[in-house]
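Taken together, the values in this text are just the output of simple stated rules run on the coordinates, not laboratory data. No experiment lies behind these values; they were computed from the predicted model shown. A quick note on method: Cβ atoms are made from the backbone with ideal geometry, for glycine too, and the neighbour counts reach across all protein chains shown.
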Amino acid sequence: MSWNEKLKKIPYGGDYNPEQWPEDVWEEDMKLFRQAGIDTVTLNVFSWAALQPSEDEYNFDRLDKIVKLVTENEMNIIMATSTGAHPAWMAKRHPDILRVDYKGRKRKFGGRHNSCPSSPTYKKYAQRLAMKLAEHYKHQRNIIAWHISNEFGGECYCENCENAFRNWVSDRYKTIYDVNKAWNTSFWGHTFYDFDEIVAPNELSEEFEFMGRAHTDFQGISIDYKRFMSDAILDCYKLERDAIKEIIPDANVTTNLMAFFKPLDYQKWAKEMDFVSWDNYPGPSDSPARIAMSHDLMRGCGDGAPFALMEQTPSVTNWQPYNALKRPGVMRLWSYQAMAHGADSVLFFQMRRSIGACEKYHGAVIDHVGTGNTRVFREITALGKELRDIGNATIGMRTHSDVAIMFDWDNWWAVEYSAGPSKDLAYRELIADYYESLRNMNVNVDIIGQDTDLSKYKVVIAPVLYMVKGDLDERIKNFVENGGTFVTGFFSGYVQENDLVITGGYPGKLRDILGIWVEETDSFGPDKCNSFSYHGQRYPARILCDLLHLETAKMKDDYGYLEDFYHGMPVVTSNKFGRGKAYYIATSSDESFRAAFLSDVLAASGVHSLMYASEGVEVTSREDDTATVIYILNHGDAEGIYELHDEGMEIINGIEFGAGMHKIAPKDVHIIKIMK
């Protein structure tokens with residue numbers, strides 16, 4: 001049974017750390033939680049030191065009191081395993097548990113993410129604690145999910161990891177001959193004769209900082225170490241998950257992800273999770289579309305299933321350079337935005353504000369004043385009432401999208417490790433540009449991996465598809481042949497999964513699909529750009545400019561304004577392939593170009609906006625077999641308008657909405673349920 005199947009309403013609450021407070025405060029917290037409509041708490045996130053004071057001693061007495069109190073107050077529990085920070089005694093007695101950093105320095109006890117994922121000590125005690133917690137609480141009926149560790153991360157370069165990497169490489173390539181072939185070690189005489197000659201790539205070996213970004217002499221080695229480290233940390237998650245499921249087979253197990261977190265391949269991780277959960281902390285300059293993109297990535301990692309919003313701040317984030325308050329209405333707005341893009345929970349960090357250490361000024365449901373007499377608490381209470389009234393009306397619904405954008409961690413690592421053609425190639429940002437353009441059109445977007453089934457989409461966009469893995473080219477070919485539209489562009493199709501160039505002309509295996517070949521690529525710094533024309537309009541050509549030749553493709557437009565030797569060469573091309581089309585864009589341009597180009601592509605592919613909405617008003621939808629729920633979110637500071645195509649019920653206020661134009665107040669939300 002899925003984690004949300006029995007829920008009667010959206011879980012509302014978040015991380016509660018009563019171990020930081022005397023017991024008389026707990027009772028006050030329960031009163032305030034009830035007042036605010038809080039019904040779910042995540043417990044035991046950082047209690048390893050309290051639960052296990054020595055090698056073989058475990059004490060759950062204080063946690064039992066907390067669990068009993070929460071249960072008596074009829075709240076759900078998300079039970080964490082506490083393994084996100086190991087105890088001090090463990091580091092003192094077992095130094096193998098401590099990581100070695102990128103510069104080769106052995107860490108001391110402190111901080112978080114400080115446990116080596118290859119440490120026998122860490123694995124032994126983390127697995128044992130998860131098992132003991134599961135055994136102790138296996139009959140606790142109000143535990144709705146199990147939360148492994150917390151925000152996994154922290155790469156390590158110690159001897160244990162180096163040995164584990166050698167084993168990982170051996171499993172992947174089988175023979176040292178194949179390792180040398182995959183990594184092209186004949187370059188610079190790097191040939192390995194035995195697996196024990198392989199070392200971890202860091203500042204002591206292959207890697208160094210160069211012009212403000214990480215550089216490696218051997219991309220194949222460094223990318224494989226990224227893959228290995230993501231797998232090694234994932235194995236730690238699986239170790240605890242399996243310990244819990246051995247005792248509670250139907251337990252719903254997750255861990256909180258962090259959206260575009262570069263070190264961990266979440267598309268691979270999500271396959272090992274019963275449901276995806278994640279922590280939403282946007283940057284101060286993030287647009288509504290950039291925030292939505294993280295939600296859609298997490299939904300995509302879970303193959304479209306609803307996810308849990310495990311953390312967000314009720315008010316202020318304490319670790320940004322400048323920690324602005326969430327303005328009135330924004331906490332509510334962003335909570336509903338998460339639901340609009342697939343969340344089936346609204347949870348916060350933290351429930352009561354800490355009084356010491358680095359998160360004491362991070363926002364909380366209950367502030368240092370200790371009462372409900374704050375703006376934030378009043379907003380929390382108002383949202384709690386709305387979620388109680390909405391009940392389970394949206395739980396389990398999925399998003400239908402005709403358009404997908406391909407995002408891939410291997411490509412992220414490979415593009416930004418590449419020694420050329422430009423240090424300004426920021427993979428995530430190039431993906432985000434296309435995503436934001438589509439969301440500005442109020443088109444639902446799935447963010448998918450290279451192994452996703454493409455047949456359910458009308459349009460698939462893969463910006464900077466540098467690394468083409470496995471049979472992806474064949475699946476793209478089948479997608480286009482059967483009527484799909486494929487869009488890609490510069491620096492695509494260059495390498496296979498070991499980062500070895502596919503010879504025979506760029507874009508490699510995509511050449512026949514796109515009907516072009518790229519001879520050269522020009523690169524510009526941030527202070528320079530060229531120009532090209534599209535439908536007679538002039539647009540900037542930035543970062544890279546491909547010099548390409550037409551084969552079966554047709555030129556849509558060219559470098560018509562360019563004062564350089566490739567004046568008149570194609571920039572935008574289209575290639576009819578079977579019943580579909582494949583487009584190539586040879587440069588990076590601006591929002592005005594993407595809006596014009598994507599409007600043409602979507603219209604030709606039969607993809608339509610959900611509805612008209614004025615600037616600053618976001619529209620997205622979720623649906624099931626009986627109804628479609630449309631979310632309208634006004635992120636602007638002025639009143640907005642939108643056009644509803646069908647009549648429906650606005651489920652926050654229970655008001656019937658007819659087809660036609662409607663107004664929406666600034667920072668307000670309308671959720672309209674339309675029966676099928």
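Brief remarks follow.
- Counting beta carbons within 10 Å around each of Ile78, Ile461 and listing the fewest first gives the order Ile461, Ile78.
- Separation of alpha-carbon centers, the stretch 50-76 and the stretch 133-160, rounded to whole Å: 15
- Semi-axis lengths (Å, descending) of the ellipsoid that matches the C-alpha gyration tensor of the stretch 35-94: 28, 12, 7
- Taking N as its residue count, the alpha carbon Rg of the stretch 531-601 over 2.2 N^0.38 Å: 1.06
- Binning the C-alpha pair distances of the stretch 202-314 at 10 Å intervals from 0 yields a P(r) profile of 12, 34, 31, 20, 3, 0 %, listed from the shortest bin outward.
- With viscosity 1.567 mPa s and temperature 4 °C, the Kirkwood radius over alpha carbon pairs of the stretch 158-266 converts through Stokes-Einstein to a diffusion coefficient of 81 µm²/s.
- Remark: the Tyr612-Thr191 segment gains 145.5 nm on full extension, using 0.36 nm per residue and subtracting the alpha carbon distance.
- Taking a Cβ cut-off of under 11 Å around Asp242, the surrounding Lys, Arg, Asp and Glu residues balance to a net charge of -1, with basic ones at +1 and acidic ones at -1.
- Rounded Å value of the spacing that divides the Cα centres of the stretch 642-676 and the stretch 256-281: 33
- The chain, Rg to Rh (Cα coordinates; Rh as Kirkwood inverse mean 1/r): 0.98
- Selection among Pro11, Phe593, Gly606 by position relative to the dipole of the chain gives Pro11 as farthest towards the positive end (Cβ unit charges, Cα centre).
- Cβ crowding within 10 Å averaged over residues, with 605-615, 321-331, 83-93 ranked highest first: 83-93, 605-615, 321-331
- C-alpha center-to-center spacing [the stretch 401-470, the stretch 188-204] in angstrom: 32
- The residues neighbouring His368, those whose beta-carbon lies less than 12 Å from its own, together hold a net charge of +2 under the Lys/Arg +1, Asp/Glu -1 convention.
- Cross-link pairs Lys174/Lys226; Lys108/Lys326; Lys6/Lys673; Lys9/Lys68; Lys262/Lys528; Lys31/Lys65 - those with Cα-Cα distance over 25 Å: Lys108/Lys326; Lys262/Lys528
- Computed over the stretch 617-675, the Cα gyration tensor eigenvalues convert (square root of 5λ each) into semi-axes of 19, 12, 10 Å, ordered from largest to smallest.
- Taking 17 Å as the cut-off, the amide N atoms of the stretch 143-157 that come nearer than this to a point 7 Å along the Cα-to-beta-carbon line of Cys358 belong to 150-156.
- Membrane-span-like helices in the chain, defined here as complete DSSP H runs extending at least 18 Å along the helix axis by their C-alpha atoms with mean Kyte-Doolittle hydropathy no lower than 0.0, are 591-605; this is a sequence and geometry rule, not a statement about a membrane.
- Theoretical gain in end-to-end length, Ala419 to Lys138 [0.36 nm per residue, Cα-Cα removed]: 95.9 nm
- The stretch 16-56: equivalent-ellipsoid semi-axes (sqrt of 5 x gyration tensor eigenvalues, Cα, Å): 26, 12, 5
- Rg and Dmax, both from the Cα atoms of the stretch 287-396 and both in Å, are 14.6, 43.
- For the pair His535 and Ala324, label points projected 7 Å from Cα toward Cβ lie 3.3 nm apart.
- Computed over the stretch 432-490, Cα set: Rg, Dmax in Å: 11.7, 33
- Computed over the stretch 551-670, Kirkwood Rh from alpha-carbon pairs, angstrom: 17.8
- Residues Thr628, Thr620, Thr191, arranged from fewest to most other Cβ atoms within 10 angstrom of their Cβ, appear as Thr191, Thr628, Thr620.
- Here, the stretch 403-605 has an Rg and a Dmax of 15.4, 43 Å when only alpha carbons are counted.
- Glu436, Glu359, Glu647 arranged by Cβ crowding within 10 Å, fewest neighbours leading: Glu647, Glu359, Glu436
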